[in-house]
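For reference, the structure discussed in these notes is given below.
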């Protein structure tokens, strides 16, 4: 398995352990084991994500269950669409139902909300980024859901990018000082031993809140600037100044981004817009498992 599949499988095992435990007491008590055919039906339109997790759920609970998808992750679907068919036994299909639906509902919600942000920025160069504001244990799944919705992943964790923020700057005395310390560390033996990667693969981003900090960060030759909590007018000015100093610098806007404001933010010329809400506040998509073909 690749890391994505391993993460899904681990999440599925943990979810089943907390939901089924020793077994589905009600189904075992009330149902004779008989063959059952069922289908997953969308009760509203959306963008699909979480399909592989749902497939793993049915497989782990009972290897005799057979799921036949009609859609793929990243596909748009309408209300009433049959997402997949499942053929197996009543006891284990019902035992699998809630966990499978939990994955599908949440992850499709993330993909769907992401797609709405992407739609609002159509015609601009801005890409929608996720953040580290993810459900513990679900980060890879939620970040893949962002991709299914047309977004782009920011750093996966603290280990794959340097993002210098206000507390780092305050501790080191200046932006230039913090950037120099970061570069010194990336050249160190400690970095090579602990992170097992080349320094050239690590981007350096700096959070700035005013034009003075922006100029200092560009002077330090960083890869990306995070323009945090700026008004649209301020963003437009900072983009203009940044492009005049370094046309190749990548610019990311963040802070209280909503569906109502994202189009105006994108129009300022930033390259990326990071949106925590797409993972931490996405409404679920409603699905229903229905017996019968």
Inset, instruction - Give the range 63-81 a look and list any residue that's over 19 Å from residue 151 (Cα atoms) and surrounded by 15 or more Cβ atoms within 10 Å (Cβ to Cβ), or say none. - result: 65, 67, 69, 71, 81
Inset, instruction - Within the range 249-289, track down each residue that is modelled with pLDDT of 95 or more, closer than 30 Å to residue 215 by Cβ, out of contact with any strand residue (DSSP E or B) (no Cβ under 9 Å at 6 or more places or on another chain) and part of a loop (DSSP other than H, G, I, E, B). - result: 258, 261, 267
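Specify which of the listed residues (112, 124) is closer than 14 Å to residue 45 by Cα and either surrounded by fewer than 18 Cβ atoms within 10 Å (Cβ to Cβ) or in contact with a strand residue (DSSP E or B) (Cβ under 6 Å, 6 or more places away or on another chain) (or both).
After ruling out the rest, the residue left standing is 112.
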Inset, instruction - Look at residue 155 and say whether it is farther than 24 Å from residue 15 by Cα and either within 13 Å of the chain's Cα centre (by Cα) or part of a loop (DSSP other than H, G, I, E, B) (or both). - result: yes
Inset, instruction - Return the total of residues in the range 186-214 being more than 16 Å from residue 155 (Cα to Cα) and touching a strand residue (DSSP E or B) at 6+ places or on another chain (Cβ under 9 Å). - result: 5
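I need the full set of residues from the range 68-85 which are under 11 Å from residue 40 (Cβ atoms) and either touching a residue at least 60 places away in the same chain (Cβ under 8 Å) or under 24 Å from the mean Cα position of the chain (by Cα) (or both), in order please. Break it down stepwise before answering.
So in the range 68-85, the residues under 11 Å from residue 40 (Cβ atoms) come out as 68-71, 77, 81-85.
Residues satisfying the conditions are 69, 70, 71, 77, 83, 84, 85.
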Inset, instruction - Would you mind stating whether residue 205 is touching a residue at least 40 places away in the same chain (Cβ under 8 Å) and under 13 Å from residue 252 (Cα atoms)? - result: yes
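The values are calculated or read from the model by the stated rules, or taken from the named source; none is laboratory data. The model shown is predicted, which means the values in this text are computed figures rather than measured ones. Please note: Cβ atoms are built from the backbone with ideal geometry, for glycine as well, and neighbour counts cover all protein chains shown.
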